[in-house]
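Worksheet for the structure shown next.
The values are calculated or read from the model by the stated rules, or taken from the named source; none is laboratory data. Bear in mind the structure is a predicted one, so any value in this text is a computation, not a measurement. Note: ideal-geometry Cβ built from the backbone for every residue, glycine included; neighbour counts use all protein chains shown.
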Amino acid sequence: MVLKLYGHPLSGGVKLVASILHEKQVAFEFLPVDFLKGENKTPEFLAKNPFGLVPIIDDGGFIVYESRAIARYVAEKYADQGTKLIPTDFKSRILFEQAASVEQNSFHPHASGIAYERLGKPHLKGLAPDEAVVKDKVEKLSASLDVYDQILGKQKYIAGDDITLADLFHLTYGSYLAAAGTDVIEKRPNVARWFQELSSRPSWERVTEGVTSTA
């Protein structure tokens, strides 16, 4: 049975999951969800994710939501095909989890806040960004990326010299930063090198314009 991916084709989280499915060479059927029509609030949808959000996967009746959880599921279930994205060596696995925690706590809150203020509020709500919030988020993200630049000056990726999900998790909101008018990535040479490599991967390039079925 073919894995099903539910979501909006331009959703950052949906694109991340689709890119990981490409990395792992997993065929999938993409099922678009129209938020404007309220399809995410139907009883059938809420039975899959009671929060009414995407992405969601249905793998033979096994339902998973939340992009990071889906990514781990795909990476572990299909560990023997495609790109290895979660280390199996004990110490390397701990370093991966450490890096994933850093992304979730020191990168995501600030990058997503900038993207929401500069891109989300004007587009979705017709509101002007709160530039005081943007300034605060940029300062906090800059402090985090200064540390990233030190780490990436010593190793190729955030968790070591092999790519992991922890690196790919940065693609969703990292890709919005330039469009939001910030150069926090570009002005740090090691971070810029690393992010350019990530965003140039064929798996990510395949989903930048939207997600489509591969099965």
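Here are the numbers for the structure shown:
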item	result
Residue check, Leu145 part of a loop (DSSP other than H, G, I, E, B) and in contact with a helix residue (DSSP H, G or I) (Cβ under 9 Å, 6 or more places away or on another chain)	no
Lone qualifier among Thr88, Thr83, Thr42 - being touching a residue at least 40 places away in the same chain (Cβ under 8 Å) and either within 19 Å of Leu165 (Cβ to Cβ) or outside the structural domain of Tyr176 (by TED's automatic domain parsing) (or both)	Thr83
Residue satisfying condition, being outside the structural domain of Arg68 (by TED's automatic domain parsing), within 30 Å of Leu36 (Cα to Cα), more than 15 Å from the chain's Cα centre (by Cα) and polar (S, T, N, Q), within set Ser142, Ser112, Ser213	Ser213
Within segment 26-49, tally of residues that are more than 23 Å from Val2 (Cα to Cα) and under 21 Å from the mean Cα position of the chain (by Cα)	1
Among (1) assigned to a helix (DSSP H, G or I); (2) over 15 Å from the mean Cα position of the chain (by Cα), the one test that Val184 misses	(1)
Given (1) among the charged types (D, E, K, R); (2) free of Cβ contacts under 8 Å to residues at least 12 places away in the same chain; (3) assigned to a helix (DSSP H, G or I), index of the condition Lys154 fails	(3)
Flag if Ala71 is more than 17 Å from the chain's Cα centre (by Cα) and not assigned by TED's automatic domain parsing to the domain that holds Ala159	no
